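What follows is a single structure, written as structure tokens, with notes after it.
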Amino acid sequence: MTPPDHDREEAALINLARAEQAAARRPGDFRLRAEVVRAMLDLAEVQPQFATRDGTPAIEHALALAQELYDEQEGAAPYAEVYVDALVQAGSAAQSAGDSIAIERFRRAIHVLQRLVDLDPKDIGLQSKLGTCHGYLAIALDDSGQSDEAFDHYRVSLALSDQIAKAHPTDSRAQNNLALAHNAIGHHYGETEQLTDSIAHHEKSLAFNRMLVERQPQESYWAYCLATDHENLCDAHARGGFLEPALDHARHALELRQRICEPADTPADWLAQLADSHRDIAELSQEQGLRTDAIEHFRAALSIFEGLLQEFQDDEEFLFRTADSHLVLGYALESQQQYEESLTCYRRALRLDEQLSRRQPEESRWHANAAHCHLCASLVLLALGRRDQSREHADRGIAILDEQVRRNPDSTALRTDLATFHSELANALTMHGERGAALNHFEVGLEIDRQLVRRDSKAKLPLANLATTLDSMSALHEQAGDLERAIEFSRQAVSAEETLVKLDPESTEYQGRVIQALMHYASNLREFGDTDKAMETMQRSRRLARRLKRLVPRDEFVAGLAAQVQRGLGLVYRDLREHTAAEQAFLDAAHRLAEIRQESKNPDAWCGPEAETYEYLAELLVSLGRGHEALDAVTQALQGRKRAATLAARDPLVQRDLAGCHELAAEAAEAVADLDRASEHRRAAAQIYEEFGEDP
């Protein structure tokens, strides 16, 4: 949404009044009537909400006048072009509103234009308009799910644009139209996950727009189009998992956006796109572990939206975008344990969302956003140990969602939000030792998840959420020592994950989720003493992991998953007293995880899994009386635990993991009679427990 340009709106109103007065003086002059249509189209462009005295939207009134003129003049060329312009603009307005009549209007515009082109095939302007109309129709068809027919029109648009550009190589507009045609078909390929083809067309668009920038560096529109090309390539590379080239394109886009936004009269929507460029870099930096860079760019995006909101205080889009910018900055700060500053961000986002809720009390998404801010604040306050304030925010967020569900009983999205709220709160309460409260929230969330699955058994999101909640409840009961219930919930989680794979057998994500659920199920069986069934489950998990790794051999997550399956097998071998097999499994898993960490763009993510594997190996070696080897293994584990503890200095779980590793190191040192070293590790563990508490 672009804030209204009052100067342009006033000028458009004056032009329309003058055109209407001239046409009224000479009612038989069709040329003057055409000027009225064009003046009304201009007004509709700068102020889409403008309506005539009888309440008819300006764009619809302009279309009616244009059609009347076209019919009276029996399709004469000058009036046919006016009619086409009205059809295209009215079609675009209908498409923005989600009205399927847009397709009919674009088809009609193509029909009229094709007749004009047949009469004058050398008219470059008409051919260009025809290519553009095919592009508009293709996008509308894509939006309505008619992708096959859409592709045909994309190809026609591209062929026409290519023909015109080759015939007029010095015509900048023709070259840009060809770039836009490549851009559109690139989007089409991207929507169907044909990323290689998508990238190829976006790169062609980029080449044409780069040429235009070099040819006319003073023309900011070409730089704008080139920035858009870089953003499209950023998105396509990121979706394909190629984060480095994605970040490179995001940086190029930012550089161009900054250049074109230097003038003081830069349009508000261009400034908003500059903020989006900062956010693209922030999110990609975060994915690659560049946390300081991420926070810097999140702050830059927020600063731009705060400036826009100060200028356009009543603009709902900028209110929302500013609130959202506070929220994502809060996420980034929270991930760095900067809890007080993240809490400030969440509360500022909450105030803006509440402002939107008061303005549009019937708009449920503003209320849902406010509820989410309450959840974020509640979780941070819980981490800060301010339990009463945390509970207050949680209660307010749940009350908001309960009320919205009551008002909108058919809304799946609101019920999903409510279930997610309960589940995320339950996970946090579990982490902080409040198992009773956590269980209550899990049970509420689980019932909502089951209701949603019963509503639509083929909907993947509710089923995925149900599986996650079941797995979390299994973990909670496992911690409480109720292994029978833990096993039952874990078994149900596996079943839900398997159903997901049946719904989408090509999804590597869902296949990975099944493997993880099986590992958790095997762990519960092992703790319960059913090692035979645990081994059977782990072997099945290994088969699935190997198959998945063959499908995506370079996927870091899948490689890590396979290594953790190997570690899980080691635990079962250990419980079966097959010590040699257990040791080999732990070593294999540790070496694989070390390789992944060394090759990863985000190596810190693998410190924990690698350290845990060395801990299991050290425990085994201590039990076998091989203390020196155990010390070597636990030294490897300590490196990873210390690194993770440095990155998460205020996270009690991470800190307690480090304390546990120190205790294991003390046991290994005692096994070789190195009592001074053992005492040193015991003191280190005690200091951590004193600050962060023992494992609840």
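The values are calculated or read from the model by the stated rules, or taken from the named source; none is laboratory data. All values reported here derive from a predicted model rather than from experimental measurement. Cβ: placed from backbone, ideal geometry, glycine included. Neighbour counts: every protein chain shown. Protein only, heavy atoms only, side chains kept; ligands, DNA and RNA dropped before computing areas. Shrake-Rupley method; radii C 1.70, N 1.55, O 1.52, S 1.80 Å.
Quick notes on this structure:
- Look at the stretch 385-398: where a residue is more than 20 Å from His367 (Cβ to Cβ) and free of Cβ contacts under 8 Å to residues at least 24 places away in the same chain and a partner is assigned to a helix (DSSP H, G or I) and not aromatic (Phe, Trp, Tyr), sitting 6+ places away or on another chain with Cβ atoms under 6 Å, you get Gln389/Leu381; Ser390/Ser378; Ser390/Leu381; Ser390/Leu382.
- Every residue from the stretch 281-298 that is under 18 Å from Ala238 (Cβ atoms), open to solvent by less than 50 Å² (accessible area, probe 1.4 Å), assigned to a helix (DSSP H, G or I) and not polar (S, T, N, Q): Ile281, Ala282, Leu284, Ala294, His297, Phe298
- Scanning the stretch 650-696 for residues that are among the aliphatic types (A, V, I, L, M), open to solvent by 50 Å² or more (accessible area, probe 1.4 Å) and not in a helix (DSSP H, G or I) yields one hit, Ala673.
- Qualifying helices (runs of 4 or more DSSP H) (wholly inside the stretch 544-632; at least 1 residues being hydrophobic (A, V, I, L, M, F, W, C), open to solvent by 60 Å² or more (accessible area, probe 1.4 Å) and within 20 Å of Leu518 (Cα to Cα)): 556-575
- Conditions (1) open to solvent by 10 Å² or more (accessible area, probe 1.4 Å); (2) within 24 Å of Arg415 (Cα to Cα); (3) touching a residue at least 40 places away in the same chain (Cβ under 8 Å); number of the one not met by Ala323: (1)
- Pairs, first of a type in the set (A, V, I, L, M, F, W, C) in the stretch 252-272, second assigned to a loop (DSSP other than H, G, I, E, B), C-beta under 7 Å, six or more apart: Ala268/Thr2; Ala268/Pro3; Ala268/Phe312; Trp270/Cys261; Leu271/Cys261
- The residues of the stretch 596-649 that are more than 23 Å from Gly568 (Cβ to Cβ) and more than 35 Å from the chain's Cα centre (by Cα), listed by number, are Gly625, Gly627, His628, Leu631, Thr635.
- Looking only at the stretch 502-539, and only at residues there that are within 33 Å of the chain's Cα centre (by Cα) and among the β-branched types (Val, Ile, Thr), the one that is modelled with the lowest pLDDT: Thr508
- Selection status of Asp265, open to solvent by less than 20 Å² (accessible area, probe 1.4 Å) and at pLDDT below 95: no
- Restricted to the stretch 108-127, and to residues there that are more than 17 Å from Ile164 (Cβ to Cβ) and touching a residue at least 24 places away in the same chain (Cβ under 8 Å), the residue that is surrounded by the most Cβ atoms within 10 Å (Cβ to Cβ) is Ala109.
- Among (1) open to solvent by 50 Å² or more (accessible area, probe 1.4 Å); (2) modelled with pLDDT of 90 or more; (3) farther than 20 Å from Ala253 by Cα, the one test that Ala207 misses: (3)
- Considering the stretch 128-154, and only residues there that are closer than 17 Å to Leu178 by Cα and free of Cβ contacts under 8 Å to residues at least 40 places away in the same chain, the residue that is surrounded by the fewest Cβ atoms within 10 Å (Cβ to Cβ) turns out to be Asp152.
- Matching entry among Asp54, Asp29, Asp71, Asp42 (being open to solvent by 50 Å² or more (accessible area, probe 1.4 Å), charged (D, E, K, R), at pLDDT below 90 and more than 22 Å from Cys133 (Cβ to Cβ)): Asp54
- Residues that are within 28 Å of Phe557 (Cα to Cα), part of a helix (DSSP H, G or I) and either open to solvent by less than 30 Å² (accessible area, probe 1.4 Å) or not polar (S, T, N, Q) (or both) occur at least once in the stretch 333-344.
- Scanning the stretch 118-152 for residues that are closer than 17 Å to Ser96 by Cα, of a type in the set (D, E, K, R) and either at pLDDT 90 or above or over 36 Å from the mean Cα position of the chain (by Cα) (or both) yields a count of 0.
- Any hit, the stretch 359-367, residues being open to solvent by less than 10 Å² (accessible area, probe 1.4 Å), in contact with a helix residue (DSSP H, G or I) (Cβ under 8 Å, 6 or more places away or on another chain) and part of a helix (DSSP H, G or I): yes
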